[in-house]
Each structure stands twice: as C-alpha cells, then as structure tokens.
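The values are calculated or read from the model by the stated rules, or taken from the named source; none is laboratory data. Keep in mind that this is a model prediction, so the values were computed, not measured. Note that we place each Cβ from the backbone using ideal geometry, even for glycine, and neighbour counts take in every protein chain shown.
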Amino acid sequence: MSKLTRRVFLATGVTVGAGLALGAGYLATIDTDGLAGGDGHNGAAKLNAWVEIRPDGTIRIAVPRAEMGQGIYTGIAMLIAEELEITLDPKTVIIEHPDELLPVYTNFVGALSKRPEDMGGPIDWTMKKVYASVPFILTGGSSSIVDGYHSMRLAGATARTMLVEAAAVRWGVAADSCHAANGRVLHQASGRSVAYAEVARDAARRTPPSNPKLKTQDEFKLIGTPQQRLDIPDKTRGTATFGIDTVLPDMLFATVVQSPVFGGRVKSVDSTAAMALPGVKKVVDLGDAVGVIGETYYHAHKAAAALAIVWDDQGHGGLSTASVSADYLKALETGKPYVKRNDGDVDAALKNGQVIEATYETPLLAHAPMEPMNTTALFKDGKFEIWSPNQSPTVVRWAALKANDKAKDVVIHTTIMGGAFGRRADGDMVNQAAALAVAMPGVPVKLVWSREEDILHDTYRPSAIARMRGVIGADGKPTAVDFKNATQSAFLSFSRRNMPFEMGGDSDPANIEGAVEMPYAIPNVRVATTTIETPIPLGFWRSVGNSNTAFYVESFIDELAAAAKADPMDFRRDLLKHDPRRLAVADALKEKSGWATKLEGTGRGRGVALHTSFRTHVGEVAEVTVAADGSLKVDRVVCVVDCGQVVNPNTVEAQVEGAVIFALSALVYGEITIEKGRVVQGNFDRYDMVRLAQSPKIEVHIMPSRELPGGIGEPGTPPLFAAVTNAIFAATGKRIRKLPIAGQGFVLG
Amino acid sequence: MTKFVVNGHEFESNDPPDMPLLWALRDRLKMTGTKFGCGIGLCGACTVIIDGQAKRSCQVPISNVAGKAITTIEGLAPIETPTAIQAAWIAEQVPQCGYCQSGMIMAATALLARKPNPSDADIDEAMTNICRCGTYPRVRRAIHRAAGATASAQPAIAPATGAAHE
C-alpha cells in the first residue's frame, strides 16, 4: 500500500498541481508537527497530538495506527515512553486510537515511501502537506514503526521538555538543573520532585522546544528490550473490545447476502418469507447485495437464508480459475511487457548458454482474519457515527460518504481488530453498514458478515503465472535471469472500490515487487510484468506482491543452484558478496540452521529462501520429512531477521513466528478457485488452516543492528513458501512450481 | 422459555430453541468475550465450557443447555486474580490480535481440568482451534507453563517435557 497515493497523485499530476491549486499559503496552515499543547480529552492536559496526562496521573497515548495483532499500540508507546521517561504499565498508560483525523496522523512512509524526517526541500514539503490535508491515515505496508521511529521519540522528548520546564518555573530554578524519570520531574540539588500530572497543565501551555535532543542508541532503556504488550491482559480475559464486540443502546444487528457472481447486481428480491420470521426488522436492497436487519445476528442470518433473490450476473458468469489461467498464459506470450528492470543484455546472454526455464503458478488467496467483517453504524441528525475495525479511517470516511454524500459529518471510532492482514484496508463493509444505518435512521446497526460471505467476497491476493529463464556461466554462476509474470493489479481493483482516483494496472508496483529488487550479483537481469483484468476483487494480502514473487525467485534460484550442482545456501551466499547485510543474514542462517550438518532419517530435506521486503531482510531454512505417500511434516523453520534497530524483540519474534504459520497455511491449503463466476470455497472446511498439531518448531534469530528500523508485520511471510518447497525438492527431488502443495500430491500430516 | 446458568447467573431466554448459545451470549446477554469465527463449529473461537466439557457454542442450540451451567471467558476469574492459564498466557505473551484467544483459553482450561499434565500429543489433540496470527507455539508453551511442566521461562519449545509427565 505504501506507494498507493503517491502513484495516484503522480499519475494524475495532482501532487504539485494540488499544491499549486491549494496554494502554499493554505498548505502552510496544515499542521504536520502536532507538537503544540492544549486541552485534551476528559479534562486531560494535552502535551501534543499523541500525549495527554489526566489529573489522576493516567497517561493517554493516542496511536493513530490500527492494532490488528502486530503489537503497534505497544511499539509506538515504547518510542514515546523512551523519551517521555515513563513506565509502561497498563494500569497507568492508556492507549487509544484517536477518533480525530488530524493531518499529523498521516502515515507519511505509507504515502510517500520516505521517512518523514528525511523529507526536506520544497517538493517534499508540498507532498507532505498535500497528503496531510487528505489526511492519509492508514496502517499497512509494515510502515508504522518506520514512519514513527523519529517522530514518536520527538513527541516524547518534546512533552518531557515542556514538563521539566514547567516544574523548573514553579520551583524558580533553571530547567537544565532538573531532569525527568519515571513520570516525575526531579531537582536533584534541592531534592524536590513533582509528578507529571501536577505540572501537566502548565506544561501544556508552554511553547514546544524547537529541537529537543533525542537519546542516542546507547542511551535507550526501553527500545530494543523485550517488553510485555500492553493489550495482552485484556485479551486473556475476554475484555478486549473488537469492532464486532461493539454494544450500543437499542442496537440492531444485520447481515448481508452479496451477489455470488463477482460484479453481479440484485435483479429482484422477495422478502416475504424472511419478513415473516420472528425478530426481523427490515430487508434492504443494497444494489449488489441484500441486507437484513434483525434483533440479533441469529435473526438476521436466518432471515437472510429465507430471501428469494434473483441476481443479474452482468455477464460475468463464465469466469473460472481455468479461464483466468488461460488468459495469463496468453498474456505471457502476447501481452505487452511492462519492463521494470533491465540490467545488461538479457536476450544476448540467454543465447549464450543452456537456458533453464521454469513456469510457476500461484493462486488467489483469502485473508480470512478470525474476526469476520463487521461495522457498526449510526445515522442520526444527518451525521454518521461509525465503530469500525479498519486499517484506514480515511477509507472508512470515503466509504460512509458513498452511502450518503450529503452527510454532514462522519465520526469514526477505530477499534482493535481480530486480524486484518490487509483485508480491512477496504471499505466495502463500512459502505454497507452505512447504507443500512441510513435505512434505519437514529438506530445503531451492527453489520456482521457470515464466514461464508467473508470467503466468498474477500479482496483476494492476486493469482499469477510467472515464467523465469536463466543461464549458468562457465564459472557456475548465473549470467542471466529473465522474469516475466502475468497477473492482475491489486491497486487497480482497490482504487476502483475505495479511492477517489483510479490507478494501477501494468505499472502497479505490487505486480512484481520483490522480483524487481532481486539482490543477487547477476549481470543480466530483466523483470517484466503484464496484466489482465477480471471482475475478481483484489487487495493487499500480508506482504502483497512479495508473497508471489519470493516464491518464484527463490524457487528459481534453487533451480539454478541445482543446475550448477551447487549447494543452494552457498550458491546464494556467493551471489551476495557485494551486499554485507544480506550476506550476514545468509551466514547467520547457515550457522543457526546447522546447514552443514546432515539431517538424520529418511525423507528428510532442508530448503533455504532469502527475501527482503518492507526494508527488512529475512532468511528462512525449513526442514521437512516427506513420507512415501506424500505425507509431509514441516519439522523446523529457522528464521534470521535483520530489521535494523529493533523496538520490541518480543514483538519481532511473535510476528515472524506468526508469519511463518500464516504462510504455511497458504502454502499447504490456500487456494480460492472460481467456477461460473463465483468462489467455490465458503468456510474453513474448504479453506483450511494449519492447526497447532501441524505447527513446526520455529526459531527466530534477530540480527543486532543499529540501522534505521524496517517493517516486521509482513517480511516473515514471503520466504517461507520457497524454503519449504525447496526442502521438499531436497527430500524428494520433486520441484513444486504450482501452489498450493495440497494440489501437488503432498498432504500436511 | 429456556433457562440456563452463565458464570453463576441464571438467565431466561424467550428466543427460538434453535438459537445457538453463541448468539444468546453475545447479542442478548452482551457477553462479547465469546467470539464468532465460522458458525460451523470448526474454528473454536466460540468455545465455552458446559458441564466441564469444552463446547463450540455456535453449534449448541439453547434448547440443549436448558438447566445447565455454562462458563465463559468472563467467568474464569476476577480481573486481579487471573487463573494459572491466563497468567501463563501473559507470561508467554501468547495473543497477537487476540480474537481466537478466548476460545483457546477455554479449550486449554477444559484440557487441564481433565489432564493436569498434558503431553504434547494431548495438546495437539485438544487444541484444534484456528489462530490466523499463528500463536500455536506459544499456546503450547503456555499450557505447559500453566501445568507446571515448564518451571523455567525457557523460550524454546520442549517437546519432551510434557511427555515425561505422562
């Protein structure tokens, strides 16, 4: 998602254009610092846009990033607390996603792929202001820590300085004779100290310091140390409130039935039988879906099954997985290639040696987060109030206004999420809930999708077919790699559903991200893509294009190593000598995995894959056991991660463990197939998941690093696919080029 | 009318007898700690304990719980005194998104009530809940910790530990 709006604005020439249209004078009024104090919520003193101190000493930290399980509430709080000099105790520190869509809450890295502190000069200034004026708030692209690493520490340091100054003024001493620790300001010379809460009001009225000194990495006390997550105690008691847990007085419950064929419309709906059931309040034609409002989800769901809907499939009833694959193959042959990288002379190099060629195919994937899609909406006095588990309140706002563009306001309460993995960047369920609320004015309506609707109407990871060709030189090293894939543009599909602009297509970076950046020292490399269009709704699935490309590239590198009769680990290391960080990851992986030792037992194999995404380098070695009947066990996965400066190692480990299992489910079972324009799967019975009993032993090793932080929510996912299939090759000699492996004669035992 | 007891409190329901217990808990009693995940009894997010047995409440019509005692996640312990399982869940930092964890904890609670020192194979068999965040290795460690099978805070999974107690 990171390049999303940049591409929108660049593509339409709006960036500078909008800047000029809006005027520098107007843009200058957009606050992109957020450091001014004032009055906060519930009588608190606001020290800046992130930190408020309540009279009882409770510190409220506003985190304008959505907590979907990745631990960001704690991560951002750690960055602030490091400089603010407070203890992170869930009893005294309250983390809230703010309701206000302030310009300063923009995710600048998400929007511009550039750290905000690195943005200087008039163009950066203009782009930053334009995005802030939207404001562009989202959680995705593993960008929250990257975006906040500097600005959140600055917010903490600014607030601390103002508190120290306020105490110094009260005592009539010099500010530099005081210091802060554990939520108090101390004056060592006189032995006096005061709690932050007592001077917070004075502090909030002070002018923020222009350039408070930030700690060096040597001075960090919190950052880089394992911290317990602040949200976990509630998650063990059933008291954490997810979007689906929203409870409001007199609330009604709703569910939807959506056109089974993608792009279909409601031709007619007979609700007689549904309305005759108990507890049913209303049936609403939503155009491409029918909503039912009832006393509980049970009533709404039962009535939905009793609806007699006639659909118009809008001519999309012939779409199938086979037809899409055929179109991909055709596009590979005849589609105009969009070439994103072209080093050396690939065509010449391919004529100079024996060409190794492989074609890979990856399926559509559903996100299927455990919390089904839901939104609660109230339309009252011409205003929307929305309770929503979402990755972008900006998208939520647009989605609600689509249900009634005359609405005077949209107030959004962003809740924690029961997983998202990219799915909740979309506003489809928000738009439906808003439309149902308009049909039931003054009454809060909680829309909850069934799991079937979730699987049948996800915004899927695009499927793709990739063809790779390569040549090994006389020295045993590859001289050329030629990559071309045919896929569909996630950005095109997403923008059509959610954005005021349309963008994407062949130039969509998600089509081939991860292949373009192939790091190996190969003199001739070409990376190209071509796209087809279908009515299949597509979106961003944990690691986006990398989930496809890492499988192709790391499988093909393994095929080249086999052709060169080289050890797959050393073959890669040899091609990374120019790149110390990636080489160090590979070296550590070789050691930690015990690569040089022999695996005991029959049917055993070890496979390696390396991949960089979202500024983080990850290497994974999988160990498998394959029985003669194809029954597969993934015994162990060793991961080495270089994500730069670590904020919370506990979270880094958890995210990588989780990414391995997330990817393993997709590798083994993950496949959405289409017949007659509609999805075949519908629930976890046909879209299965890895369970505890099948989980490998997972080891996560974090490289010590002082480089700027990279992302961590997604980068553990991409390498797992090829690490396992390369291990299966090592164990059996069978090369898997099509996913999932359940369709390739292997069953996870 | 159907009467049943949830966490020690008696409730009466006038809803149709086929209403799944899950929706009586969530939408009528507003006890939202028990989660909806799939509606077909596969994922385990809605797990509650009925007469000592872990049950998937989306598959239990209220007519089946007439007169029975149900324990939900909210009924396990007061906030300040978590059960050994909840404490182990915090110590091992199990939850990520946390949505499946009510069901996980209820399934683990029923398991430990039945088998105080479960082996890895027992855990494999009892813990069939789906977690999309992939917390399974930590779930296993937390169950062993709660069982007292792992006294130390060793982060590595120790497959032999539980088995040795069988």
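Laid out as a table, the results:
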quantity: Region A:293-325 - residue that is among the β-branched types (Val, Ile, Thr) and within 14 Å of another protein chain (Cβ to nearest Cβ) and, of those, farthest from B:Phe36 (Cα to Cα); calculated: A:Ile293
quantity: Test: A:Ala474 is part of a strand (DSSP E or B) and either out of contact with any His (no Cβ under 8 Å at 6 or more places or on another chain) or surrounded by fewer than 24 Cβ atoms within 10 Å (Cβ to Cβ) (or both); calculated: no
quantity: Selection within region A:552-578 - hydrophobic (A, V, I, L, M, F, W, C) and in a helix (DSSP H, G or I); calculated: A:Val553, A:Phe556, A:Ile557, A:Leu560, A:Ala561, A:Ala562, A:Ala563, A:Met569, A:Phe571
quantity: Flag if A:Ser705 is of a type in the set (S, T, N, Q) and free of Cβ contacts under 8 Å to residues at least 60 places away in the same chain; calculated: no
quantity: Residue ranges of strands (runs of 3 or more DSSP E) in region A:279-386 with at least 3 members in the same structural domain as A:Val247 (by TED's automatic domain parsing) and within 32 Å of the chain's Cα centre (by Cα); calculated: A:289-294, A:374-380
quantity: Matching residues in region A:233-249 - criterion: being surrounded by fewer than 24 Cβ atoms within 10 Å (Cβ to Cβ), facing another protein chain (nearest Cβ under 7 Å), part of a loop (DSSP other than H, G, I, E, B) and hydrophobic (A, V, I, L, M, F, W, C); calculated: A:Val247
quantity: Positions within region B:32-89 being more than 24 Å from B:Pro17 (Cα to Cα) and of a type in the set (A, V, I, L, M, F, W, C), in sequence order; calculated: B:Leu76, B:Ala77, B:Ile79, B:Ala84, B:Ile85, B:Ala87, B:Ala88, B:Trp89
quantity: Residue in region A:733-747 that is under 30 Å from B:Pro118 (Cβ atoms), part of a strand (DSSP E or B) and away from chain B (no Cβ under 13 Å) present; calculated: yes
quantity: Test: residue in region B:73-83 that is assigned to a loop (DSSP other than H, G, I, E, B), at the interface with another protein chain (Cβ under 7 Å from one of its Cβ atoms) and at pLDDT 95 or above; calculated: no
quantity: Those residues of region A:418-452 which are of a type in the set (D, E, K, R) and farther than 29 Å from A:Gly71 by Cβ, in sequence order; calculated: A:Glu452
quantity: Matching residues, region B:11-31, being in a helix (DSSP H, G or I) and within 9 Å of chain A (Cβ to nearest Cβ); calculated: B:Leu22, B:Trp23, B:Ala24, B:Arg26, B:Asp27, B:Arg28
quantity: Residue match in region A:541-555 (condition: over 24 Å from A:Leu667 (Cα atoms), surrounded by 22 or more Cβ atoms within 10 Å (Cβ to Cβ) and touching a helix residue (DSSP H, G or I) at 6+ places or on another chain (Cβ under 8 Å)); calculated: no
quantity: Top-ranked residue in region B:32-52 [being assigned to a loop (DSSP other than H, G, I, E, B) and among the aliphatic types (A, V, I, L, M); ranked as farthest from B:Gly103 (Cα to Cα)]; calculated: B:Ile40
quantity: Total residues in region A:280-291, condition within 14 Å of chain B (Cβ to nearest Cβ) and touching a residue at least 24 places away in the same chain (Cβ under 8 Å); calculated: 1
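Residues are listed down the side, and each one gets a yes or a no for (1) buried (at least 18 other Cβ atoms within 10 Å of the Cβ); (2) within 30 Å of A:Gly224 (Cβ to Cβ); (3) of a type in the set (A, V, I, L, M, F, W, C):
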site: A:Gln645; (1), (2), (3): no, yes, no
site: A:Leu667; (1), (2), (3): yes, no, yes
site: A:Gly670; (1), (2), (3): yes, no, no
site: A:Glu675; (1), (2), (3): no, no, no
site: A:Gly710; (1), (2), (3): yes, yes, no
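Conditions (1) within 14 Å of chain B (Cβ to nearest Cβ); (2) β-branched (Val, Ile, Thr), marked per residue:
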position: A:Ala420; (1), (2): yes, no
position: A:Ala433; (1), (2): no, no
position: A:Ala439; (1), (2): no, no
position: A:Val443; (1), (2): no, yes
position: A:Trp449; (1), (2): yes, no
position: A:Glu452; (1), (2): yes, no
position: A:Leu456; (1), (2): yes, no
